Amino acid sequence: MSLAFLLTTLVVVATPGTGVVYTLAAGLSHGRRASVVAAFACTLGIVPHVLATVTGLAALLNASATAFQVLKYAGVAYLLWMAWASLRDRDALVVERDAGEPASVSRVLVRGVLINLLNPKLTIFFFAFLPQFVSVDAAAALPRMLLLSGVFMLATFVVFAGYGVLAASVRRQVISRPRVMAWLRRGFAGSFVLLGAKLAMADR
């Protein structure tokens, strides 16, 4: 495993995107445990894209404009829904709410998985990214791609969880100020809208 792969992975994972925004929101909304669940969910949402890459579906998605557009706009619609939900769900930042209750954890998990699952750029990213570090002539190309994908997912979980735990650590100071809570809801909603717009304008 090359240093170039590790450095590129860290840069890509640490760059703020939909997963980072969602994990930060989960940490501020529900606390440390929910932020870790959100990080795990976002990481889990990468699995289908990895499988698509190693099975060749990514090539089909890259070649088919229709398949890419359908998945892309499904992702855009979901991000816009997340923006609306961020503004609507005023109870999400209540201190007394138990971050460990099953319903809350389930909702955090499902939303996190969908955020990455409905992002077609991830499939294209893996399709373009992984082959750079795997020799096409290598006898163990498939196991190596799976290993590199596993490392990428592990880095995603660790970095996202770090973001979330950091947000959770300042949670009480933040949510004790109603104006800050209101602006946070607007900020997260605006971030989801901007990320949705960015995805909508994305080309293959």
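The values are calculated or read from the model by the stated rules, or taken from the named source; none is laboratory data. Just so it is clear, the model here is predicted, and its values are computed rather than measured. Here Cβ is always computed from backbone atoms with ideal geometry, including for glycine, and neighbour counts include all displayed protein chains. Keep in mind that these areas ignore ligands, DNA and RNA; they rest on the heavy atoms of the full protein, side chains included. Shrake-Rupley method; radii C 1.70, N 1.55, O 1.52, S 1.80 Å.
Numbers for the structure displayed
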{"quantity": "Any chance residue 40 is more than 21 Å from residue 189 (Cβ to Cβ), at pLDDT 85 or above and either part of a helix (DSSP H, G or I) or open to solvent by 10 Å² or more (accessible area, probe 1.4 Å) (or both)", "calculated": "yes"}
{"quantity": "Inter-residue pairs, beta-carbon under 9 Å, first more than 25 Å from residue 70 (Cβ to Cβ) and surrounded by 20 or more Cβ atoms within 10 Å (Cβ to Cβ) and in segment 102-127, second small (Gly, Ala, Ser) and modelled with pLDDT of 80 or more, 6+ apart", "calculated": "104/34; 108/26; 108/34; 108/35; 108/38; 108/41"}
{"quantity": "Cross-chain or 6+ apart pairs with Cβ under 7 Å, segment 1-30 first and under 21 Å from residue 185 (Cα atoms), then modelled with pLDDT of 80 or more and of a type in the set (Ser, Thr, Tyr)", "calculated": "20/163; 23/35; 23/163; 24/163; 26/35; 27/35"}
{"quantity": "Positions within segment 4-19 being of a type outside the set (Ser, Thr, Tyr) and crowded, with 23+ Cβ neighbours inside 10 Å, in sequence order", "calculated": "19"}
{"quantity": "Where residue 117 falls short, out of the listed (1) at pLDDT 80 or above; (2) touching an Asp or Glu at 6+ places or on another chain (Cβ under 9 Å)", "calculated": "(2)"}
{"quantity": "Tally of residues being β-branched (Val, Ile, Thr) and at pLDDT below 70 across segment 120-146", "calculated": "1"}
{"quantity": "Filter result for residue 80 (open to solvent by 60 Å² or more (accessible area, probe 1.4 Å), within 18 Å of the chain's Cα centre (by Cα) and at pLDDT 70 or above)", "calculated": "yes"}
{"quantity": "Per-region count, segment 83-92, residues modelled with pLDDT under 80 and open to solvent by 40 Å² or more (accessible area, probe 1.4 Å)", "calculated": "4"}
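Per-residue answers, yes or no, for (1) at pLDDT 85 or above; (2) touching a helix residue (DSSP H, G or I) at 6+ places or on another chain (Cβ under 7 Å):
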{"position": "5", "(1), (2)": "no, yes"}
{"position": "15", "(1), (2)": "no, no"}
{"position": "28", "(1), (2)": "no, yes"}
{"position": "33", "(1), (2)": "yes, no"}
{"position": "36", "(1), (2)": "yes, yes"}
{"position": "64", "(1), (2)": "no, no"}
{"position": "67", "(1), (2)": "no, yes"}
